[in-house]
1. Can you give the convex hull volume of the alpha carbon atoms of segment 191-263 per residue, in Å³?
2. Which ordering of 316, 260 is given by a fewest-first count of other beta-carbon atoms within 10 Å?
3. I'd like to compare 264-273, 195-204, 61-70: which one has the highest average count of other Cβ atoms within 10 Å, and what's the full order after that?
Ligand code: IPD
């Protein structure tokens with residue numbers, strides 16, 4: 001039978017909230033470097049490629065749950081998948097903690113990133129930051145949404161786990177709003193009006209590192225853009241949350257070379273359903289696969305589709 005995307009969305013939403021509790025109550029002291037660090041790419045530096053017991057425990061919990069509910073679907077997760085290769089089969093894609101380095105440093109910009117893909121395309125995405133309790137969620141064709149606490153509060157009941165009696169309290173504590181929340185305030189499609197995220201990632205040498213340095217310098221500096229450089233660059237440490245920030249309107253664009261399908265699959269559904277666009281991080285790649293490893297994400301144009309093309313070409317131009 002065809003997968004029921006609404007049901008899958010609801011299941012992922014609830015699992016993300018439960019996994020969030022595991023993260024907020026954990027102590028990130030048991031830090032290790034990823035075992036796959038050197039086998040996946042010799043330029044991934046072990047000192048910048050961290051994993052904690054919590055990453056592993058969350059992956060085990062989420063996959064255990066999904067395996068018993070959907071035994072025939074494939075699983076692709078950061079801590080257990082050593083190739084990062086996606087197949088056309090129905091697949092759950094998980095990054096248990098996107099932003100492990102932030103987690104290790106008690107910096108609360110982290111997320112659980114959970115997606116479902118069909119025929120190599122992510123079609124359901126849930127990105128949850130358990131510290132801010134903001135959950136971004138989307139199903140292809142149905143729009144993107146942010147469910148968030150109305151007011152900072154001690155600990156409201158979770159939307160997914162509420163009993164009928166608790167439901168009223170949940171409604172009083174959380175609002176769900178369609179994305180994007182903000183319309184661009186500036187002329188659209190101009191690099192020199194953008195707040196753009198880049199990430200340092202965990203590759204600190206080699207060809208991708210050189211491309212990153214060249215691209216960052218080109219975007220932030222004057223020599224390539226001839227006075228048209230971005231307003232500023234941000235490196236916040238979670239690919240999934242960066243994509244959601246573009247969807248929400250907090251960032252205009254995000255470029256990264258070196259991340260994986262599990263970092264971007266869920267955010268991909270959120271940002272495209274919010275009217276944004278994901279293209280390849282290399283010039284000319286208009287239709288990248290979700291495991292392309294280098295991406296450029298831009299928000300929707302002010303007057304509808306199409307205008308984002310100008311910005312995409314400006315960023316690619318900096319790289320060229
Ligand atoms: C990392 C984060 C980071 C990005 C890296 C990712 P992780 O994911 O998304 O922002 O720069 O490329 O690997 O390792 O914290 O799950």
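1. Numbers: hull volume 5.8 nm³, N = 73.
Roughly 80 Å³ of hull volume per residue.
2. 316, 260
3. Highest to lowest by the protection proxy: 264-273, 195-204, 61-70.
Every number here is computed from the coordinates shown, using simple stated rules; none is lab data. All of these numbers come straight from a predicted model, not from anything done at the bench. Every residue, glycine among them, receives a Cβ derived from its backbone with ideal geometry; neighbour counts consider all protein chains shown.
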